[in-house]
Amino acid sequence: MRFETRAIRDGQEPDELTGAVTVPVYQTSTFKQEAIGKHKGYEYSRTGNPTRKALEEAVASLEGGKYGLAFASGMAATSAVAGLLKTGDHIIAGDDLYGGTYRLFEKALRPLGIETSYVDLDDLGSLASAIRQNTGLIWVETPTNPLLKVVDLKNVAHIASKHTITLAVDNTFASPYFQRPLEHGADIVVHSTTKYLGGHSDTIGGAIVTSSKDLFKTLKFQQNAAGAVPGPWDCWLVLRGIKTLAVRMKEHQMNAMAVAAYLNEHPMIENVYYPGLADNKYNELAKKQMDGFGGMLSFEIKGGFPAVERFVSRLKIFTLAESLGGVESLVCYPPKMTHGSIPPEQRKRLGINDNLIRLSVGIEHIDDLIEDLARSL
Ligand code: P1T
C-alpha cells in the first residue's frame with residue numbers, strides 16, 4: 001500500500017470487539033487478567049495500551065520500519081535513545097540542532113559522564129575525525145533546527161556502520177512524508193510527534209522507529225522502565241493527525257516554497273534558509289534524499305534585533321510561539337526561544353544570529369500569509 005493509504009489504515013483496522021471504524025481511546029490504566037498471568041496481551045498501560053499500539057504501528061509503517069514506540073514527548077523519545085549509552089560513552093551530534101536536545105546532552109548526560117562532541121556535518125571529514133573508541137551514538141537532525149541544513153544521510157550512515165556506531169536521526173522537520181531515514185541507512189528514527197505527525201498543536205508526544213530487533217528490545221525496555229509513555233488520548237490525537245499527514249505536508253510545502261521565494265526577493269531580508277530554493281546550498285542533496293522540502297524556513301532580517309521585534313509585533317496571522325508543524329503559521333525567535341539554552345558565543349559560531357527569525361508555515365491561504373509578511377516588513 002502507498003503512504004497515503006497506510007497513514008489511514010496501518011495499525012488502525014476497525015476495532016475487533018465493536019467494529020468501531022476509528023481506534024477507540026482505551027482510557028484505562030490496567031487490564032483484567034482471567035487468571036494469574038493469563039490475559040489478552042495487555043496488563044498495565046505503562047507497559048502497553050491498545051491505542052498506543054495503534055499509533056506505534058502507524059508511525060513504524062510510515063517510516064518503513066519494523067518497530068515503533070511512542071513516548072510522552074519528543075524529548076522523552078530522545079532520552080530513551082540516550083538510555084542506550086552508559087557512563088564513559090561518547091556521542092557525536094550535528095552542531096545545528098534543537099536547543100532542548102543540546103540541553104539534554106549538556107545538562108543531563110554530561111554530568112553522568114556521557115560526553116557529546118558537536119560537528120559540522122557539511123564536512124564528513126570532521127565527523128570521521130571526531131570518532132573515538134567509545135563513540136556509541138551519532139545523532140543527526142536533518143533538516144536541522146533552526147538553520148535548515150541538510151545532512152547527507154547515506155554518507156553519515158556509511159561512516160557510522162563502518163565503525164559499528166548507532167545512527168539516530170531526528171526526522172521531526174521533514175516528517176516521514178518527505179524523508180525516511182531508515183531507507184538511507186539510519187538505525188533509529190526519532191520524532192517529536194508534537195509537530196507534523198500530530199499536526200494541530202494540541203498535544204505533546206514523541207516516537208521512535210527502528211528495524212533492529214535488538215535496538216527495539218532495549219528501547220522498549222527503556223520505555224517501560226523509565227515510563228515516559230503518552231496517555232491514550234494523546235496517542236489518539238496523533239493518530240488522527242497522521243491520517244491527514246500527506247495532504248497537510250503538500251500544502252505546508254507549497255506555502256513554504258512561496259513564502260521562501262517572496263522573502264528571497266525582499267529588500268529587508270538578508271538570507272533565506274530553505275532547501276527548496278534553487279540557490280540554497282542544500283537544494284541538490286535535498287532533492288536526492290527527500291521527496292519534498294517541508295514547511296519550515298528561517299531568514300535574517302536587516303536592522304538587527306529592533307527590526308526583529310518590530311516585525312514580529314506587527315504580524316497578525318503568524319503567531320509568535322515555540323513549536324512547529326501545526327496547521328497554523330507560527331513565528332519564532334530562536335536566540336531567545338527554542339535555542340535560548342545554547343550559549344551566545346556558540347550560537348554565534350553556528351550562525352544563529354541575533355536577526356534570525358524562524359517560520360513554521362501553515363496551511364492558511366497563501367495570499368493571506370504573504371500579505372501578513374508584506375505588511376509587517
Ligand atoms: O517538544 P518535544 O515534543 O519534547 O520535542 C522536542 C524536539 C525534538 N526534536 C526537534 C527537531 C524539535 O524541534 C523538538 C521541539 N522543538 C520545538 C519545540 C521548537 O519550537 O523547535
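Tell me which aspartates and glutamates have Cα within less than 18 Å of Lys38's Cα, excluding those fewer than 8 residues away on the same chain?
none
From the square roots a ≥ b ≥ c of the eigenvalues of the alpha-carbon gyration tensor of region 175-252, which class results: rounded (a/c under 1.5), prolate (a/b over b/c), or oblate?
Working: a/c = 2.95, a/b = 1.25, b/c = 2.37.
The shape class here is oblate.
Hey, what's the Kirkwood Rh for region 63-168 if you take every pair of different alpha carbons, in angstrom? Don't jump to the answer; show the numbers that get you there.
On the way: mean 1/r = 0.0704 Å⁻¹.
In region 63-168 this quantity evaluates to 14.2 Å.
How many nm separate the modelled label positions at Lys40 and Lys162, each set 7 Å beyond the Cα in the direction of the Cβ?
About 5.3 nm, to one decimal.
Pop a pseudo-label 7 angstrom from the Cα along the beta-carbon direction at both Asp354 and Thr87 and give the gap in nm to one decimal.
4.2
Rounded if a/c is under 1.5, else prolate if a/b beats b/c, else oblate: with a ≥ b ≥ c from the C-alpha gyration tensor eigenvalues square-rooted, which is region 3-243?
Working: a/c = 2.12, a/b = 1.63, b/c = 1.30.
Prolate.
Using alpha carbons only, how many angstrom separate the centre of region 134-203 from the centre of region 287-351?
Here the answer is 20 Å between Cα centres.
Which lysines, on any chain, are close to Lys287 with Cα under 23 Å apart, when same-chain ones fewer than 8 places away are left out?
Output for Lys287: Lys149, Lys154, Lys195, Lys250.
If a/c stays under 1.5 just call it rounded; otherwise compare a/b with b/c (prolate if a/b is bigger, oblate if not). Do that for region 273-375, with a ≥ b ≥ c from the square roots of the Cα gyration tensor eigenvalues. Write down the numbers at each step before the final one.
Details: a/c = 1.67, a/b = 1.06, b/c = 1.58.
Cα axes put region 273-375 in the oblate bin.
All of the numbers you see were taken from the coordinates with simple rules; none came from a lab. What you are looking at is a predicted structure, and each value in this text was computed from that prediction instead of being measured. Cβ: placed from backbone, ideal geometry, glycine included. Neighbour counts: every protein chain shown.
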